[in-house]
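Colleague: One structure is given below, represented as structure tokens, and several questions about it will come after.
What follows is calculated from the coordinates using simple rules that are stated; it is not laboratory data. What you are looking at is a predicted structure, and each value in this text was computed from that prediction instead of being measured. In this analysis, Cβ positions are derived from the backbone assuming ideal geometry, glycine residues included, and neighbour counts consider all displayed protein chains.
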Ligand SMILES: Cc1cc2nc3c(=O)[nH]c(=O)nc-3n(C[C@H](O)[C@H](O)[C@H](O)COP(=O)(O)OP(=O)(O)OC[C@H]3O[C@@H](n4cnc5c(N)ncnc54)[C@H](O)[C@@H]3O)c2cc1C
């Protein structure tokens, strides 16, 4: 074989891509991974790294419940064979990772499914997270790992999901947890002399670090700054890719096939305007800037792939954060904490603030279509909330007083006033509406019941909330001046439209037939589970499960030694 000839080429280096590469190697294939950026890991490396895997063998679960839940969540937006495939292969994929790599996934206790009202919903057991991974095992490759989103670290110190939950909710023992994290970081003296970056990789960095380590052990090459431009088709079969490597155009041959795992199109403003609901801005995405611009979606379309779900994104409200390279920060956890309301231009609430982030983002669009005033929306809270709870780039004021917030944030996306009326005037919201909304919130805080939207009714809502707040931790009075407002946009953590796929990740053409030699997974493909964002890890989970299935199919279908792993 020549240097530019492989069995399989994988485009992208997120979780789905690297899992595909490792699995393909273990099935006896010669693999190359190409990545457009100068760092590897994509959005996945910056993420929470959670995987939503029903029937994972660790949590209590049964097929009937998992199937009923997922079927209700997807509705008619995907096929039954993809739902069954997901349930059949999820546990196998995680076992493969846990047994064949140094990465370890375990159930994240108490992290509930997102649609608690659906039949078969689980309060715990399906969301999984990676154990921290020792970045020192990556050697020189540590420096090329894309860092965690700064909003998910404690000033650069890595935290697991339970650690950040204990800290943010001030659960018993939280102070000891924080102290241990800080001491461990600073007493890692040899590493502190080398870099500020924590080598205890957590969340998505642990996922990508663990898979990259598995690649290094196997000698699987990864070419950075090598962007797929188009696909090579010969005799009706995909046989390779044309890529831009540095300042050169290279043709890379793939004897068995190509797996497209090069992310969605959330950083492509023109594609957003063409496909997503309006208004839409690429700056509202919380993913690394400039990478996921839909290149591989267009490359597949150019050879006849059928596109699907192009109007869907992995939605989340986001807030501007000029201090992070992404420019925006998802508002995931903050929405559970009582003592805040999210209002439209009329000063009125329009949804349960603690809904899963995906549904809350959809509610912003629905409300905007109805009232014309929910984009942007405004998160309003008081000095008591500000003291104890985080919001976007604002850590609780005990750790991050107002004086630390850069001057240019005030009057841009962050506002403060001694009265609610004054705050409403500053942000252009109806003052009577806002005062009435806060009066109602304070009444609901007293009774513990939100009769309008049911905030705090489910275990999901309460996972991120101050444990000490009673009777309902998602409902706390807003009555302590000064008052704050933060501008919130309907952003995302990626898009979920792309080439339609089979239950084996094969790309379908306009006639609904598989394109020989072409597979597509993760946010690059049309979401395998359609409109469902079923629980924590509901995006990377399907990405990795269908990557696993795609490679099994590709290896088996073209005669590789089956089960060579
Ligand atoms: C802060 C944050 C937390 C999140 N937490 C979670 C979570 O816990 N669980 C979960 O399920 N989801 C989470 N998400 C969403 C999740 O991270 C993404 O949906 C997921 O990582 C997408 O994976 P992917 O492999 O499809 O794409 P990516 O991980 O983005 O990888 C795509 C890669 O392809 C590369 N690429 C682009 N174009 C080309 C090209 N032409 N040639 C070669 N390479 C190319 C990109 O540079 C990128 O590295 C989170 C997102 C954010 C921002």
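Colleague: With an 8 Å cut-off on Cα pairs and a minimum separation of 6 or more residues, tell me the relative contact order of the stretch 204-265 in percent.
Modeller: The value is 21 percent.
Colleague: What is the Cα centroid distance between the stretch 271-297 and the stretch 142-175, reported in whole angstrom?
Modeller: Between the Cα centres of the stretch 271-297 and the stretch 142-175 lies a distance of 27 Å.
Colleague: To continue, here is another question. Over the stretch 458-565, what is the mean sequence separation of C-alpha contacts under 8 Å (at least six apart), divided by residue count, expressed as relative contact order in percent?
Modeller: Once normalised by length, the contact order is 19 percent.
Colleague: Sticking with this one: Which order results if 489, 163, 141 are arranged by neighbouring Cβ count within 10 Å, fewest first?
Modeller: Arranged by neighbour count, lowest to highest, 489, 163, 141 become 141, 163, 489.
Colleague: Just to confirm the number: angle between the C-alpha axis of helix 174-186 and the first principal axis of the chain, 0 to 90 degrees, nearest 10?
Modeller: Roughly 50 degrees, rounded to the nearest 10.
Colleague: Something else: Rg(Cα) of the stretch 406-543 divided by 2.2 N^0.38 Å?
Modeller: After normalising by residue count via 2.2 N^0.38 Å, the value is 1.57.
Colleague: I would also like to ask the following. To make sure I understand, if each residue's beta carbon is the centre and we count other beta carbons within 10 Å, what order do 353, 283, 64 fall in, fewest to most?
Modeller: 64, 283, 353
Colleague: Moving on. Report, in degrees rounded to the nearest 10, the 0 to 90 angle that the Cα long axis of helix 540-557 makes with the longest principal axis of the chain.
Modeller: Approximately 10 degrees, to the nearest ten.
Colleague: Report the relative contact order of the chain, percent, no decimals, based on alpha-carbon pairs under 8 angstrom and at least 6 residues apart.
Modeller: 23
Colleague: Just the number: Rg to Rh for the stretch 472-529, Cα atoms, Kirkwood Rh, two decimals.
Modeller: 1.43
Colleague: Please state, to two decimals, what the Cα-based radius of gyration of the stretch 285-388 comes to when divided by 2.2 N^0.38 Å (N = residues).
Modeller: In units of the globular-protein estimate, the stretch 285-388 measures up at 1.32.
Colleague: When the helix-only estimate is applied to the chain (DSSP H runs of n ≥ 4, each -39,500 (n - 2.57), divided by the residue count), what is the mean residue ellipticity at 222 nm, nearest 500 deg cm²/dmol?
Modeller: Theoretical 222 nm ellipticity from helices: -9500 deg cm²/dmol.
Colleague: Among 437, 195, what is the fewest-to-most ranking by other Cβ atoms within 10 Å?
Modeller: Going from sparsest to densest Cβ surroundings: 195, 437.
Colleague: Binned at 10 Å from 0, what are the whole-percent values of the Cα-Cα distance distribution for the stretch 66-142, short to long?
Modeller: Calculated P(r), rounded to whole percents: 17, 36, 30, 14, 4.
Colleague: So for each of 490-502, 99-111 I average, over its residues, the number of other beta carbons within 10 Å; can you give me the resulting order with the highest mean first?
Modeller: 490-502, 99-111
Colleague: Using only the alpha carbon atoms of the stretch 423-483, find the Kirkwood hydrodynamic radius as the inverse mean reciprocal pair distance, in angstroms to one decimal.
Modeller: Final number for the Kirkwood radius of the stretch 423-483 is 12.6 Å.
Colleague: Further, regarding this structure: Taking the radius of gyration and the Kirkwood hydrodynamic radius from Cα positions alone, what is the Rg/Rh ratio for the stretch 121-254, to two decimal places?
Modeller: A ratio of 1.12.
Colleague: Quick check on the stretch 400-449: take the gyration tensor over C-alpha atoms, sort the square-rooted eigenvalues as a ≥ b ≥ c, and tell me if it's rounded (a/c under 1.5), prolate or oblate.
Modeller: Because a/c hits 1.5 or more and a/b fails to exceed b/c, the stretch 400-449 counts as oblate.
Colleague: P(r) for the stretch 213-336: what percent of alpha-carbon pairs falls in each 10 Å bin, starting at zero?
Modeller: P(r) for the stretch 213-336, in whole percents per bin: 11, 33, 31, 20, 5, 0.
Colleague: In degrees between 0 and 90, to the nearest 10, how far off the longest principal axis of the chain does helix 80-100 point, with axes built from Cα atoms?
Modeller: For helix 80-100, the angle is close to 80 degrees.
Colleague: Right, here's the next one. Computed over the Cα atoms of the stretch 1-127, what is the convex hull's projected area averaged over all directions, in nm²?
Modeller: 9.7
Colleague: For the stretch 42-111, which semi-axes, largest first and in whole Å, follow from the square roots of 5 times the eigenvalues of its Cα gyration tensor?
Modeller: Over the Cα atoms of the stretch 42-111, the semi-axes work out to 22, 15, 13 Å.
Colleague: Nearest 5 percent is fine: what portion of the DSSP beta bridges confined to the chain is antiparallel?
Modeller: For the chain, the DSSP antiparallel bridge percentage is about 75.
Colleague: Can you give me the Cα centroid spacing of the stretch 400-470 and the stretch 192-245 in angstrom?
Modeller: Here the two parts' Cα centres lie 42 Å apart.
Colleague: Using alpha-carbon positions, what is the distance between the centroids of the stretch 349-383 and the stretch 61-104, in Å?
Modeller: Value for the Cα centre distance between the two parts: 31 Å.
Colleague: Sticking with this structure for a sec: How large is log10 I(q)/I(0) at q = 0.09, 0.12, 0.16 Å⁻¹ when the Debye formula is applied to the Cα atoms of the stretch 328-463, each weighted equally and without solvent?
Modeller: -0.25, -0.46, -0.86
Colleague: If Rh is defined by the Kirkwood formula over all Cα pairs and Rg also comes from Cα, what ratio Rg/Rh do you get for the stretch 175-269?
Modeller: Rounded to two decimals, Rg over Rh is 1.16.
Colleague: Given 20 °C and 1.002 mPa s, compute D for the chain with the Stokes-Einstein relation, Rh being the Kirkwood radius over Cα pairs; round to the nearest whole µm²/s.
Modeller: Taking Rh from Cα pairs, D becomes 89 µm²/s.
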